[in-house]
Amino acid sequence: GESVGLHLPTLSVQEGDNSIINCAYSNSASDYFIWYKQESGKGPQFIIDIRSNMDKRQGQRVTVLLNKTVKHLSLQIAATQPGDSAVYFCAENHGGSEKLVFGKGMKLTVNP
Amino acid sequence: NAGVMQNPRHLVRRRGQEARLRCSPMKGHSHVYWYRQLPEEGLKFMVYLQKENIIDESGMPKERFSAEFPKEGPSILRIQQVVRGDSAAYFCASSPQKGSVEAFFGQGTRLTVV
């Protein structure tokens, strides 16, 4: 069946450090992978996405890496700030379906 | 340019009552998705609708749950005869065209069944 999971449930970092959040997926037919940030009491906020024909994509302070060989996705946040504190979800979408399959989430805490 | 609007933000219902959750998509968006989030869990897909049509309801429980997206007005997620297990956050997302990767999420409705 489909499943998307995260390796670490919590991550605590110091302000200014780089953060890496990992995600494993099992559906090799997925076309898109997306990272969302969810702050307490709010809805998921799109961070960055990557297509299955890419292995790296960069945004502002964030980089997503996709390793299809081992079905692994990661989100790297550079110079982590207190405002980055949130729960991060990876999600996948595959052709023929409009639904997103979300992982369980990982809480990132940034200490000042 | 308002985002996806969901109301109410918080809803308390007694067991056996009905819950009606509303979602107004972003202006110009005709595709709506509903997701449910249990505490400490990721979001679970429930249903995908376009104006006046249910496209994919594979994540909807077979009983008590229904959704609609009429030609005019917001999308409605309706839960009849609520039970404690229905307590969760319900999120709506909208997109301008087919392809949920461009979907924007609302702030959610937190349903508590007492």
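The values are calculated or read from the model by the stated rules, or taken from the named source; none is laboratory data. Treat the numbers as computed from the prediction; the structure is a model and nothing was measured. Cβ placement follows ideal geometry from the backbone for every residue including glycine, while neighbour counts extend to all protein chains displayed. Heads up: the accessible areas ignore ligands, DNA and RNA and are worked out on the full protein's heavy atoms, side chains in. Shrake-Rupley method; radii C 1.70, N 1.55, O 1.52, S 1.80 Å.
Looking only at residues in segment B:67-104 that are basic (Lys, Arg) and assigned to a loop (DSSP other than H, G, I, E, B), the one that is modelled with the highest pLDDT is B:LYS71. Cβ-Cβ distances below 8 Å connect the following pairs, each with a first residue in segment A:90-112 that is without any contact (Cβ under 8 Å) to a residue 24 or more places away in the chain and in a loop (DSSP other than H, G, I, E, B), a second residue that is of a type in the set (Lys, Arg) and open to solvent by 10 Å² or more (accessible area, probe 1.4 Å), and a separation of six or more residues or different chains: A:GLU98/B:LYS98.
In segment A:41-54, the residues that are among the basic types (Lys, Arg) reach residues that are outside any strand (DSSP E or B) with C-beta atoms within less than 8 angstrom, at least six apart or across chains, in these pairs: A:LYS42/B:GLN107; A:LYS42/B:GLY108.
One line per residue, one yes/no per condition, for (1) within 14 Å of chain B (Cβ to nearest Cβ); (2) of a type outside the set (Lys, Arg):
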residue: A:GLN38; (1), (2): yes, yes
residue: A:GLY41; (1), (2): yes, yes
residue: A:ARG51; (1), (2): yes, no
residue: A:THR63; (1), (2): no, yes
residue: A:SER74; (1), (2): no, yes
residue: A:ILE77; (1), (2): no, yes
residue: A:PHE89; (1), (2): yes, yes
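When the criteria are applied in full, B:PRO39 fails the requirement of being modelled with pLDDT of 95 or more and open to solvent by 20 Å² or more (accessible area, probe 1.4 Å). Among residues of segment A:24-40 that are within 15 Å of A:HIS94 (Cα to Cα) and aromatic (Phe, Trp, Tyr), those with a beta-carbon under 8 Å from a residue that is assigned to a loop (DSSP other than H, G, I, E, B) and open to solvent by 20 Å² or more (accessible area, probe 1.4 Å) at least six positions away or on a different chain give the pairs A:TYR25/A:SER3; A:TYR25/A:LYS71; A:TYR32/A:SER52; A:PHE33/A:SER52.
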